[in-house]
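> Below is the structure I would like to discuss, written out as structure tokens.
What follows draws every value from the coordinates through simple rules; no lab data is involved. Remember, it's a predicted structure, so these values are computed and weren't measured experimentally. Neighbour counts are summed over all protein chains in view; Cβ atoms, including those assigned to glycine, are modelled from backbone coordinates with ideal geometry.
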Amino acid sequence: ESYSQVWLGGVIQMRNPLNSSERIWASIVTLPRFANKEGNHKYLFQPFLSKYTEIQLHKLKCTVKVCNDNFNIKLQHCEPHVMIFGRQKNNVGKAFEFIQKAIEKCQREMESRN
């Protein structure tokens, strides 16, 4: 049996990293990088710090893990990203779309400030 099975939209079925006997659905969203007014490059985290995001993901019964040094997951060989986990394939897909839209909205707001 394959370790993972890819589904449309980047959602895969895989073993649960916290319970190896269970299979879950997962997706990954790479966090965009932007330059602030001082010219320093930063990653976009704002959408994951809001109560609204937390409520929406809870409704979809999905868990989101922000992977970045500042969120206690040290990254050495990849860009900061968000991992989405859930038991229902469609809910993980909806969570992925919700997060993508939240990131795009935040990017537009930041661009309008510059």
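> Find how much the distance from Ile28 to Arg15 grows on full extension, using 0.36 nm per residue of separation minus their present alpha carbon separation; answer in nm with one decimal.
Values: separation 13, 0.36 × 13 = 4.68 nm, distance 1.49 nm.
The Ile28-Arg15 span can extend by a further 3.2 nm.
> Something else about it: Hey, what do the phi angles of region 25-31 turn into as Karplus ³J(HN,Hα) couplings, whole Hz, using 6.51/-1.76/1.60 and θ = phi - 60°, x for Gly and Pro?
9, 8, 8, 10, 10, 6, 7
> Next question. Taking amide hydrogens as modeled 1.01 Å from N in the peptide plane, which residues meet the under 5 Å criterion relative to Leu31, leaving out close sequence neighbours?
His81, Val82
> Around Gln88, what is the net charge, scoring Lys/Arg as +1 and Asp/Glu as -1 over all other residues with Cβ under 15 Å from its Cβ?
Overall, the nearby charge balance is +4.
> Between Lys105 and Tyr52, what is the spin-label point distance in nm, taking each point 7 Å from the Cα along the Cα→C-beta axis?
0.4 nm
> How much net charge surrounds Leu18 when only other residues with a Cβ under 15 Å from its Cβ are counted (Lys, Arg +1; Asp, Glu -1)?
Neighbourhood net charge equals +3.
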